[in-house]
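> My questions all concern the structure below.
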Amino acid sequence: MPLLSLAIWVPITFGLLVLATGSDRHANLARWLALIGALLGFAVTVPLYTRFDPATAAMQFVELRPWIESFRVNYHLGVDGISVLFILLTAFTTVIVVLAGWRVIERKVAQYFASFLIMSGLMIGVFASLDAVLFYVFWEAMLIPMFIVIGVWGGPRRVYASVKFFLYTLLGSLLMLIAFIYLYQKAGSFDILELHRLPLGYREQILIFLAFFAAFAVKVPMWPVHTWLPDAHVEAPTGGSVVLAAIMLKLGAYGFLRFSLPIAPDASHALAGFMIALSLIAVVYIGLVALVQGDMKKLIAYSSIAHMGFVTLGFFLFNALGVEGALVQMISHGFVSGALFLCVGVMYDRVHSRQIADYGGVVNTMPVFSAFFVLFAMANAGLPATSGFVGEFMVIMASIQVHFWYAFFAATTLIFGAAYTLWMIKRVVFGAVVHEHVAAMKDLSPREFLVLALLAVAVLAMGIYPAPFTEVMHASVEQLLTHVAQSKCGDVCGW
Amino acid sequence: MTVEFALTDLIPALPELALLGAACLILILDLFLADDLRWVTFGLSLLALGLAAALTWGTHDAVPTLAFGNTFVDDSLSDVLKLMIYGSVAAVMIYSRDYVRTRGMYRGEFYVLVLFATLGMMIMVSASHFLTLYLGLELLSLCLYALVALQRDSVVATEAAMKYFVLGALASGLLLFGMSLLYGATGSLELARVAAALPDGAGHDAVLVFGLVFVVAALAFKLGAVPFHMWIPDVYQGAPTAVTLFVASAPKFAAFAFVMRLLVEGLGALVTDWQPMLVLLAVLSIALGNVTAIAQTNIKRMLAYSTISHMGFLLLGFLSGSPTGYGAALFYVSAYVLMSLGGFAMILLLSREVEAEELDDFKGLNQRSPWHAFLMLLLMFSMAGVPPTLGFYAKLSVLQAALEAGFLWLTVFAVLMSVVGAFYYLRVVKLMYFDAPAQPTPPRAGADMHVLVSANGLAVLALGVMPQPLMALCAGTIRQMV
């Protein structure tokens, strides 16, 4: 069975079906159809994990058939230990998003759910593509539904945020496209695995690395090209924020692993200092920025940037612990940030405010919710026994092997992360109830409980027993690092 | 030179002859038709196109056939382009039917002029001689001037027609002057002989280059490339939308043929001379078209500037000076015409009794009619070059060709500018999806229009998912030629 094709096209097909239900008169049909689509979409990704062979670094579940012969582009899909988990994460998040939007969205219901289903298929496509053009098509196409989601169901400044999001990403992506075309001319193929083997001069590698950097750094986002993210997060509806934080940011990081490092290894080594510097700035400076935010969504958005700084830091340490730690951090952050945005969404649905100052003492009226919220906040701060701890610990361990000061600055996140998260928790959840609207808040509905419980289980499971996640990656990460350690330009490396 | 005329010469020209006969017949027949029988004219015009298509298909031969003393050629390129022209002209007729009916243009003149313009394009496409090319061009242009001015009491339309005519006549003058210089330098007006008279590396000969500059200027005018673009915004905005739709679609194929026949077939040896000229035209067109389009509030004018930038991208294909590049350019122009047809058709669809020319008329279209908004969304993203739509592959092809020819910085510049361009296409999507409509009624459309516009929008998506057939067709056509 072409599992990867199913994982991509099942959600997209259901998305189109949902779209076809049309007006809001059939809203319930659209909701149920979307849920079935999301569950089916997740179901077809499960065998990808259960049948995955962790012993090999080769691509698995490969599908290869010609697509655009004129450019020798193939419909080439496959996953390795690096990408397989993200496909599951994407499908899982889609289920969560559909459940979370169940009652909240009342306007243009079909279009809302269709956007998320189609986006889910496209994002899985990005993780599964082994052809650069196919990758690019999925990569760009997912901007369209996200643009619509932010713009139609977003907050007051949604137009600004959606256009900024789209144009920022497009700019970076187009430079990457030029790099792809250049590589195609050298290699005669868009096949990613062939591009990995393509010998390249030093100067070429630097330029290609920078072109990729433009695309991926915007998406991650790395400081200083992160400014679209707080805007997009704040204005997007809850579902949009969840997908953005949980999956879309990971696409950028994934791009570094799949393209930048193996295609331009010498440039990656040469520019590693630069990348680490940017990552550490994100960890320290953005952590401080997060501290002073008065808007919860903005705070979580900045916290996402800081956490993604950890991911890019782990990649450019070039040791297995760092890369695996970064991958674990990506998955953990997918759960945690998604959960935090959902928590803010739950409160927003009741009070229609995201300002920290409008809350206080929520635990008195919503004890169950508060328990979840505090758990996810702890995970965000990197408390041991939650998923957030594992990745951060691994990356800090890896960085101390490379340089003491890297580890020193990276470790500040344990302080800043705890500071901004716990301070937010203190002001929102604890204390006395001062606002009337807080006193009127009702605790979680069964649907909300289900959504948060699913995520809580994931966060705790990953924190207590991370082996099922890490052992999948070992072989692929080792192979990647061996590949990156070999120079492509040899003795003639030089500008 | 004596020209031997043989009856067999007529065979390659059968489509042209048939269309000419049909157009004359319709012209006369229409005089005797009552107003409520005007659909006969409409139907016959479509039939005439169908007949021409059948004949083009029937006389298709992979080997080029020359006729009329080597002034006329029937080859793969001409056949493919003609078939594309018939298709787009037929689409124009169907799209514009309701529009012309409500504005007193539902008369024989409209259809006859369109058919004669089509004939002009066909002659351009099949030209293998400077004069045939010129004749076809003039026939096309004169019909277009008249079409733009068809709404006699519209001041803007008359002004647009006047501008178009004056500038067009100037461009024709430039073209003739350039051709005469080339004739002086090579001793022939026949494209094949001109090409033969130019040895490889004949560049930089003063007279030749002088003639070339004039020819390129005329080409740039017809394409609407900066700095010869002045007529485009005024004509697109001033002309009745049905005519704008026509101007913005089929003639682009003719313009493609014009460049192909003149620069590639005739003056291919001067590639090192015309390449930098095209680079300049492309850079200016892409920059000015994209930047100026942002400031527009009238969607016809906005699409006019977008056309200018698209023509810049088209030139990227040509200036690479390789068969890959020409194939990419043909692919680009086909994609562009398909998108342009769809875009203007959507304006026609919204324009019923009142014009819907302003961007604000698209406000809230998603609430009025989600399906039409979705189609327009596809068209806009395709124009912006976002996958999975056709426009992306068109951009990919020309960028690849330009990069292959070594124009790295030009391609970087082009993609940066297309980010600027994405902004105004996004604005249309924003108006349709994010804003509330001024009036809630869905746009009304006849069944034929509805089906065709849906097919047009979906084709942009379908060809985006499966671009191979069209790409192969374009590349194959060029390969047979060069």
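Throughout, read-outs are computed from the coordinates displayed, never taken from laboratory work. Computed from a predicted structure; not experimentally measured. Don't worry about glycine lacking a Cβ; one is built from the backbone with ideal geometry, like all the others, and counts go over all protein chains shown.
> Using the beta-carbon distance between B:Ala206 and B:Tyr183 and R0 = 22 Å, what value does 1/(1 + (r/R0)^6) give for FRET efficiency, to the nearest 0.05?
0.90
> What ³J(HN,Hα) values, in whole Hz, does the Karplus curve 6.51 cos²θ - 1.76 cosθ + 1.60 give for the range A:438-444 when θ = phi - 60°, with x put for Gly and Pro?
So the Karplus estimates, Gly and Pro as x, are 5, 4, 8, 5, 9, 5, 4 Hz.
> Still on this model: How crowded by other chains is A:468-476, given as the mean number of beta carbons from other chains within 10 Å of each beta carbon?
On the way: counts 0, 0, 0, 0, 0, 0, 0, 0, 0.
For this peptide, the per-residue mean of nearby foreign Cβ atoms is 0.
> Got a sec? Which residues in the range B:258-279 would a label at B:Val213 touch, if it sits 7 Å along Cα→Cβ and we count backbone N under 16 Å?
So the set is B:273-279.
> Consider a paramagnetic label point 7 Å from the Cα of B:Arg152 along Cα→Cβ; state which residues of the range B:93-125 have an amide N under 15 Å from it.
B:104-110
> Normalising by the residue count of chain B, find the relative contact order in percent from Cα pairs under 8 Å and 6+ residues apart. Display every interim value, and only then the final one.
Values: 794 pairs, mean separation 68.6, N = 482.
Computed over chain B, the figure is 14 percent.
> To continue, here is another question. What is the ratio of the Cα radius of gyration of the range B:21-112 to 2.2 N^0.38 Å, with N the residue count, to two decimals?
1.29
> Enumerate the calculated ³J(HN,Hα) couplings along the range A:481-489 in order (Karplus 6.51 cos²θ - 1.76 cosθ + 1.60, θ = phi - 60°), each rounded to whole Hz, writing x wherever the residue is Gly or Pro.
5, 4, 5, 5, 6, 8, 6, 8, 10
> When only Cα pairs under 8 Å and 6 or more residues apart are kept, what is the percent relative contact order across the range B:330-482?
Taking the mean separation of contacting Cα pairs over the length of the range B:330-482, I get 39 percent.
> Let me ask you something else. Given DSSP loops and a limit of at most 16 other Cβ atoms within 10 Å, what is the longest stretch of chain B that contains no such chymotrypsin sites (Phe, Trp or Tyr not before Pro)?
B:33-482
> Moving on to the next point. Which FRET efficiency value, to the nearest 0.05, do you get for B:Thr59 and A:Arg197 by plugging their Cβ-Cβ distance into 1/(1 + (r/R0)^6) with R0 = 56 Å?
In this case the efficiency is close to 0.65.
> Further question on the same structure: Kirkwood hydrodynamic radius, chain A, all distinct C-alpha pairs: what's the number in Å?
It works out to 22.5 Å.
> Among A:149-157, A:95-103, how do they line up from the highest to the lowest mean number of other beta-carbon atoms within 10 Å?
Values: A:149-157: 19.9, A:95-103: 22.4.
Going from most to least packed, we get A:95-103, A:149-157.
> So what is log10(I(q)/I(0)) for the range B:434-479 at q = 0.17, 0.21, 0.23, 0.33 1/Å, when the Debye sum runs over its Cα atoms only?
Log10 I(q)/I(0), no solvent term: -0.72, -0.83, -0.88, -1.03.
> In a shell of Cβ-Cβ distance under 11 Å around B:Phe423, excluding B:Phe423 itself, what net charge do Lys and Arg (+1) and Asp and Glu (-1) give?
Residues near B:Phe423 contribute +3 overall.
> I'd like to know how chain B sits against the 2.2 N^0.38 Å rule of thumb: what's its Cα Rg over that expected value? List each step's numbers first, then the result.
Values: Rg = 21.4 Å, N = 482, 2.2 N^0.38 = 23.0 Å.
Taking the Cα Rg and dividing by 2.2 N^0.38 Å, one obtains 0.93.
> Where Rh denotes the Kirkwood radius from the mean inverse Cα pair distance, what is Rg over Rh for the protein assembly as shown?
That ratio is 1.02, to two decimals.
> Using Cα-Cα distances under 8 Å and only pairs 6 or more residues apart, what relative contact order does the range A:151-295 have, in percent?
Rounded, it is 30 percent for the range A:151-295.
> Other chains near A:62-69: what is the mean number of their Cβ atoms within 10 Å of each residue's Cβ?
2
> Further question on the same structure: Which peptide among A:43-55, A:236-248, A:311-323 comes first, and what is the full order, when sorted by highest mean count of other Cβ atoms within 10 Å?
Numbers: A:43-55: 14.9, A:236-248: 27.4, A:311-323: 24.4.
Highest mean packing first, the order is A:236-248, A:311-323, A:43-55.
> Something else now. To the nearest whole number, what is the average tally of beta carbon atoms from other chains within 10 Å of the beta carbons of peptide B:462-469?
Shielding by partners across B:462-469 averages 2.
> Which of the chymotrypsin sites (Phe, Trp or Tyr not before Pro) found in the range A:358-440 are in a DSSP loop and have at most 16 neighbouring Cβ atoms, other than their own, within 10 Å?
Listed in order of number, the matching sites are A:Phe430.
> Compute the long axis of helix A:143-153 from its Cα atoms, compare it with the longest principal axis of the Cα atoms of chain A, and write down the angle in degrees, 0 to 90, nearest 10.
Value to nearest ten degrees: 10.
> So if each residue of separation counts as 0.36 nm, and I subtract the Cα-Cα distance between A:Tyr75 and A:Thr50, what length gain in nm does that give?
Value of the extension gain: 6.6 nm.
> If you don't mind, another one. Separation between the A:Phe408 and B:Leu170 pseudo-spin-labels, each 7 Å from Cα along Cα→Cβ, expressed in nm?
The answer from the label model is 7.0 nm.
> Just in the range A:406-462: which trypsin sites (Lys or Arg not before Pro) are loop by DSSP and have at most 14 other Cβ atoms within 10 Å?
A:Lys442
> Using modelled backbone amide H atoms (1.01 Å from N, in-plane), which distant-in-sequence or interchain residues come within less than 5 Å of B:Glu358's amide H?
HN-HN under 5 Å from B:Glu358: B:Ile299.
> Oh, and also: Just need log10 I(q)/I(0) for the range A:89-187 at q = 0.23 Å⁻¹, Debye formula, equal scatterers on the alpha-carbon atoms, no solvent, rounded to two decimals.
Log10 I(q)/I(0), no solvent term: -1.22.
> Exposed loop sites here are GluC sites (Glu not before Pro) in DSSP loop states with at most 12 other C-beta atoms within 10 Å. What is the longest stretch of chain B lacking them?
B:5-352
> Okay, next question. First select every other residue whose beta carbon is under 12 angstrom from the beta carbon of A:Ile331; then total the charges, Lys and Arg +1, Asp and Glu -1. All intermediate terms of the calculation are to be shown ahead of the outcome.
Working: positive: A:Lys250; negative: A:Glu324.
Here the count lands on 0.
> Would you mind getting me the FRET efficiency between A:Ala485 and B:Met466? Use the beta-carbon distance for r and R0 = 41 Å, nearest 0.05.
0.50
> Further, regarding this structure: Cut-off 19 Å, label point 7 angstrom out along Cα-to-Cβ of B:Glu159: give me the residues of the range B:215-237 whose amide nitrogen falls inside.
Within reach of a label on B:Glu159: B:229-237.
> Here's a follow-up. First select every other residue whose beta carbon is under 12 angstrom from the beta carbon of B:Arg97; then total the charges, Lys and Arg +1, Asp and Glu -1.
That sum, taken over residues with Cβ under 12 Å, equals +1.
> What length, rounded to one decimal in nm, is gained on full extension from A:Ser353 through to A:Glu63, with 0.36 nm per residue of separation minus their alpha-carbon distance?
Extra length available between A:Ser353 and A:Glu63 comes to 99.7 nm.
> Would you please report the Å³ per residue occupied by the convex hull of the alpha carbon atoms in the range B:114-253?
Taking the convex hull of the Cα positions in the range B:114-253, it is 96 Å³ per residue.
> Moving on to the next point. Please give the calculated 222 nm ellipticity per residue for the protein assembly as shown, where each DSSP H segment of at least 4 residues contributes -39500 (n - 2.57) and the sum is spread over every residue; nearest 500 deg cm²/dmol?
It lands at -24000 deg cm²/dmol.
> Here's something else I'd like to know. Tell me, what HN-Hα J-couplings in whole Hz come from the Karplus equation 6.51 cos²θ - 1.76 cosθ + 1.60 at θ = phi - 60° for each residue of the range B:24-38, using x for Gly and Pro?
Per residue, the Karplus-derived 3J(HN,Hα) values read 5, 4, 5, 4, 6, 4, 4, 4, 9, 9, 6, 4, 7, 9, 4 Hz.
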